[in-house]
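Each reported figure results from applying straightforward, stated rules to the coordinates on display, with no laboratory input. Bear in mind that the values here come from a model prediction, so they are computed numbers and not experimental data. Positions of Cβ are generated from backbone atoms using ideal geometry, with glycine treated the same way; all protein chains shown enter the neighbour counts.
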Amino acid sequence: MGNPPPLPLPRPEAPATWSIQRLLRWTADHFATRGLDSPRLTAEVLLAHALGVTRLRLYLDFDRPLEAAELGAFRDLVRRRAEGVPTQQLVGGREFHGHWFAVDGRVFIPRPETELLVDACLSALPGDGAGARVLDLCAGSGCVGLSLALERPAARVDAVELSPDACAVARQDAAALGAGDRWTLRCGDLFAPLPAEAVWQVIAANPPYVPTGTIPHLAVEVRDHEPRLALDGGPDGLAVVRRIVREGAGRLAPGGLMALEIGEGQAPAVQTLFAAAGLSPAAPIRDPAGHERIVTARSAAAGSIS
Ligand SMILES: C[S@@+](CC[C@H](N)C(=O)[O-])C[C@H]1O[C@@H](n2cnc3c(N)ncnc32)[C@H](O)[C@@H]1O
């Protein structure tokens, strides 16, 4: 496939003809024609970013003409978005569970459905989390573990991530969010970099869970712009999940919770893995689209007979 034709975006020499209102309408139509999701919202987010203002300000200044430099910056964002670069990478981050996480192409973009994983873990961590030790495997940007550390300031959160690039991004996010020594990231493979004797009240993970053969069919934004290591879950998508359940079941404190984000249709297989590892599964949690998205299971409570 050749390069797309140049965008017929407004010429800088005639900026007065391009008000915010007119530019938004043109760009939303352009994105819709290219089949992008949420074309109007995307146009607003990118224009607000190019102008360094809020989306509300766009509406308050609807008739303001854009200057040449502003048009140039916006034109570049529109071109890259139309080529498939995710909006969150263009604006440099995304809000997740009430906090801003900076992201770029080195790291998986936090998703709204992963907030359900955080919520499931929070419900197992009463109060300020005093005395609790929490583990976030496959940490990526750190969004899961950092959100838990910020919501439960007395808990101690360990995080593990295999990609050194993602680790660098997560450390920047942790510093920006002021997580301090409540959150500790180790770069490595699942349980390998963790102290051998440690156990956790909560083990959370949003692992790679896309079956290898499905990856070529993913949206271009994901397939071509997010790290393959964040997606590829092996032939059936469960290669990393299987290891987390097997290796993690014995690393839960008595009555501890394991909570995993999974792909569509994977819940029955993961429930079976939980049971085989001696954990008691709960009913899966559905995402807003109705898919079973989060699976949880508990280890036996202290003193109970398994
Ligand atoms: C789907 S992303 C999730 C990132 C983040 N937790 C989130 O929810 O946005 C999966 C992450 O797991 C990491 N990963 C893959 N295999 C791993 C392994 N064996 N050990 C640790 N991390 C791994 C990837 O690099 C990627 O950052």
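Distance from the Cα centroid of the stretch 221-260 to that of the stretch 79-140 is 16 Å (rounded to whole angstrom). Each peptide among 134-144, 227-237 gets the average number of other Cβ atoms lying within 10 Å of its residues, and from highest to lowest they stand as 134-144, 227-237.
How tilted is helix 68-82 with respect to the longest principal axis of the chain? Cα atoms for both, answer in degrees (0 to 90, nearest 10). Taking the Cα atoms of the chain, the angle to 68-82 is about 50 degrees. For the stretch 96-298, the fraction of C-alpha pairs more than 23 angstrom apart is 38%. The HN-Hα couplings worked out from phi for the stretch 45-55 by the Karplus form 6.51 cos²θ - 1.76 cosθ + 1.60 (θ = phi - 60°) are 4, 5, 5, 4, 5, 4, 8, x, 10, 7, 5 Hz, whole numbers, x standing for Gly and Pro. Taking the DSSP beta bridges with both ends in the chain, the antiparallel portion is around 40 percent.
Multiply the residue gap between Arg186 and Val222 by 0.36 nm, knock off their C-alpha separation, and tell me the result in nm, one decimal place.
10.4 nm
Going 7 Å from the Cα of Ala176 along its beta-carbon direction, which residues of the stretch 73-101 have the amide nitrogen within less than 17 Å of the resulting point? Taking a point 7 Å out along Cα→Cβ of Ala176, the residues of the stretch 73-101 whose backbone N falls under 17 Å are 86-101. Direction-averaged projected area, Cα convex hull, the stretch 133-190: 3.1 nm², rounded to one decimal.
Between His291 and Ala196, the FRET efficiency from the beta-carbon distance, with R0 = 30 Å, is close to 0.25.
Taking label positions 7 Å along the Cα-Cβ direction at both Thr272 and Arg57, the computed distance is 5.5 nm, reported to one decimal. Isolated cysteines of the chain, defined as having no other cysteine beta carbon under 4.7 Å away, are Cys121, Cys138, Cys143.
In this simple spin-label approximation, Glu67 and Arg22 carry label points 7 Å from Cα along the Cα→Cβ vector, and these lie 1.9 nm apart. Its alpha carbons give the stretch 15-83 an Rg and a Dmax of 10.9, 30 Å.
Cut-off 10 angstrom, C-alpha nodes, Gaussian network model of the chain. Which of Ala132, Ala102, Ala149 fluctuates the most? For the chain, modelled as a Gaussian network with Cα springs under 10 Å, the answer is Ala132.
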